[in-house]
Amino acid sequence: MSKLFLFAIGGTGSRVLRSLTWLMASGVKMDVDEIVPVVIDPDASNADLTRTITLLQNYASVAGTQTFPEGNPSRFFRTGVVEALPSFTLRVRDTDDRSFGRFIDYASMSRADKAITRMLFSDKNLAASMEVGFKGNPNIGSVVLNQIATSPDFATLMSRFEAGDKIFIISSIFGGTGASGFPLLLKTLRSTTAFPNFGIINNATIGALTVLPYFTVFRDSNSEIDSATFISKTRSALAYYENNIARSGSINALYFLGDEMSRVYDNHEGGAAQRNDAHLIEFLGATAIVDFVNTVGADSRVSKELGLRDLKDDVSFDSFYDEMRRELYGPMVQFSLLANALLDNFNYFSSDTFDANNAKKGNFSSLYSSRFMSALKEIASQYRQWILEIRGNRRSLDLFNPEPGSHPFDLVNGVAPRRVMTLASDYPLIASRLNTAVGKTASRAPEARWLEMWWRATERLVAEKL
């Protein structure tokens, strides 16, 4: 089975990974059987990180129930998720209770070593707490993250890497953790000899997404985060990437994304308060990962840019060129129909009114109180929250009406539902298509049959109505 080892570095990495999870849940086609998410962030309490981990765990719970025998066309949760490390996290040790100076044992250095250290790090750097990350200081991050290459966790992780697997790295360029972590991790992967399978790792197909500034934070004299420095840090890092990554040929595909810095977030250095609303750039970053696994091979050496028909404050399906629209539209609309049914009309679809519940057709009655259904309903709730956040942000990804209520086909912004020659409408029409689909399912396990039934029914409904 082919795997994608997906390293998500820092807060931006976690947020892009959150968007990617929705593409996988929807069934957007990915030429890989499993992903192995690996979060690298010293700020373990970062809310952007913790909610992504919760989402991945729910996703894995549902995906683990799915089987795809021949004849099952469903793509809902088809890409598996492997929790290779506890909570999908590669631990960064010795940062939660000490300053950077203490981490490098500055007090015990010789006079000469102290002099050299002071040339590289300011007094503020040496005194900086690392409990919530590196707070925009990649010079600190590049030292602390060196431990990853020799950590037991990294050895455990990379022992799973096999011929044909790929690697992708997500990071921002304007902070501390991502800007330092990406080049260090890439260098390690290309040069390590520490593992028995190092030859496969050194020659793997590797891609990366580098996220340029796309938001600012409110100025706060008590915070070390100052968005006025984002651009200057980006320029310096880009020059380094050009000389040491792009020209070296060490990466197969490099994606860059950024936007006008019109969105202003509260200034939180980290911790539970760092919980940013989903943003268009993070969603587009997730599509870069899809492009990588579907199109980039071992012989590639490319940098890629994303094209949109227009770039307005509100981005819709019509903003995408035809190929990208086809790739996203069907699966995302199908998943939205499923999520809204779970949230808005669950009692109807779990009642005797819905014929597919009966033993002759579906035998799903015991499923509605199962852990599978609890996880799926929680995912639907998390999905709606994501839709609301990304729709209300600047720029807005305005794809769906997030709460269509009793009219489930009033769903896609800018798309008027077509009429269907049938007496049924709205949710009864969905029930009718489900009752037709359940008899065609190839899966045997009730969890897999249930989602296959929904895939078949919603695929037909999208073709008929939307």
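The values are calculated or read from the model by the stated rules, or taken from the named source; none is laboratory data. Given the structure is predicted, the values throughout are model-derived calculations rather than measurements. Backbone-built Cβ (ideal geometry, glycine too); neighbour counts: all protein chains shown. Only protein heavy atoms, including side chains, enter the accessible area calculation; ligands, DNA and RNA are left aside. Shrake-Rupley method; radii C 1.70, N 1.55, O 1.52, S 1.80 Å.
Of note:
- Residue check, residue 88 crowded, with 22+ Cβ neighbours inside 10 Å, on the phi > 0 side of the Ramachandran plot, out of contact with any Leu (no Cβ under 6 Å at 6 or more places or on another chain) and hydrophobic (A, V, I, L, M, F, W, C): no
- Within the stretch 1-42, the set of residues being open to solvent by 10 Å² or more (accessible area, probe 1.4 Å), among the aliphatic types (A, V, I, L, M) and more than 11 Å from residue 293 (Cβ to Cβ) comprises 1 only.
- Boolean, residue 287 is open to solvent by less than 20 Å² (accessible area, probe 1.4 Å) and modelled with pLDDT under 90: no
- Exactly one residue out of 327, 282, 323 is among the acidic types (Asp, Glu), part of a helix (DSSP H, G or I) and touching a Ser or Thr at 6+ places or on another chain (Cβ under 7 Å), and it is 282.
- Members of the stretch 166-205 found to be of a type in the set (Phe, Trp, Tyr) and assigned to a helix (DSSP H, G or I), listed by number: 182, 198
- Any hit, the stretch 184-202, residues being modelled with pLDDT under 80, out of contact with any Ser or Thr (no Cβ under 8 Å at 6 or more places or on another chain), aliphatic (A, V, I, L, M) and over 19 Å from residue 241 (Cβ atoms): no
- Test for residue 61: is it of a type in the set (Gly, Ala, Ser), more than 16 Å from the chain's Cα centre (by Cα) and either open to solvent by 30 Å² or more (accessible area, probe 1.4 Å) or over 25 Å from residue 154 (Cα atoms) (or both): yes
- Subset of the stretch 133-166 (residues that are in contact with a helix residue (DSSP H, G or I) (Cβ under 6 Å, 6 or more places away or on another chain), among the hydrophobic types (A, V, I, L, M, F, W, C) and modelled with pLDDT under 65): 134, 140
- Unmet criterion (only one of (1) closer than 19 Å to residue 344 by Cα; (2) open to solvent by less than 20 Å² (accessible area, probe 1.4 Å); (3) over 26 Å from the mean Cα position of the chain (by Cα)) for residue 454: (3)
- Condition broken by residue 409, with the remaining ones in (1) in a loop (DSSP other than H, G, I, E, B); (2) modelled with pLDDT under 95 satisfied: (2)
- The residue of the stretch 115-132 that is modelled with the highest pLDDT, among those that are open to solvent by 60 Å² or more (accessible area, probe 1.4 Å) and not hydrophobic (A, V, I, L, M, F, W, C), is 118.
Residue-wise test of (1) buried (at least 21 other Cβ atoms within 10 Å of the Cβ); (2) out of contact with any helix residue (DSSP H, G or I) (no Cβ under 9 Å at 6 or more places or on another chain); (3) closer than 28 Å to residue 213 by Cβ; (4) free of Cβ contacts under 8 Å to residues at least 12 places away in the same chain.
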{"residue": "375", "(1), (2), (3), (4)": "no, no, no, no"}
{"residue": "378", "(1), (2), (3), (4)": "no, no, no, no"}
{"residue": "391", "(1), (2), (3), (4)": "no, yes, yes, yes"}
{"residue": "399", "(1), (2), (3), (4)": "yes, no, yes, no"}
{"residue": "412", "(1), (2), (3), (4)": "yes, no, no, no"}
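- Output for the stretch 414-441, where each listed residue is open to solvent by 40 Å² or more (accessible area, probe 1.4 Å), basic (Lys, Arg) and touching a residue at least 12 places away in the same chain (Cβ under 8 Å): 418, 440
- Residues located in the stretch 330-351, provided they are part of a helix (DSSP H, G or I), surrounded by fewer than 19 Cβ atoms within 10 Å (Cβ to Cβ) and without any contact (Cβ under 8 Å) to a residue 40 or more places away in the chain: 346, 347
- Residue match in the stretch 38-51 (condition: over 21 Å from residue 450 (Cβ atoms), part of a helix (DSSP H, G or I) and among the acidic types (Asp, Glu)): yes
- Taken together, 417, 402 contain a single residue that is outside any helix (DSSP H, G or I), modelled with pLDDT of 90 or more and not polar (S, T, N, Q), which is 417.
- The stretch 93-114, residues that are modelled with pLDDT of 75 or more, among the aliphatic types (A, V, I, L, M) and open to solvent by less than 80 Å² (accessible area, probe 1.4 Å): 109, 112
- Residue check, residue 354 at pLDDT below 95, open to solvent by less than 10 Å² (accessible area, probe 1.4 Å), more than 30 Å from residue 308 (Cβ to Cβ) and aromatic (Phe, Trp, Tyr): yes
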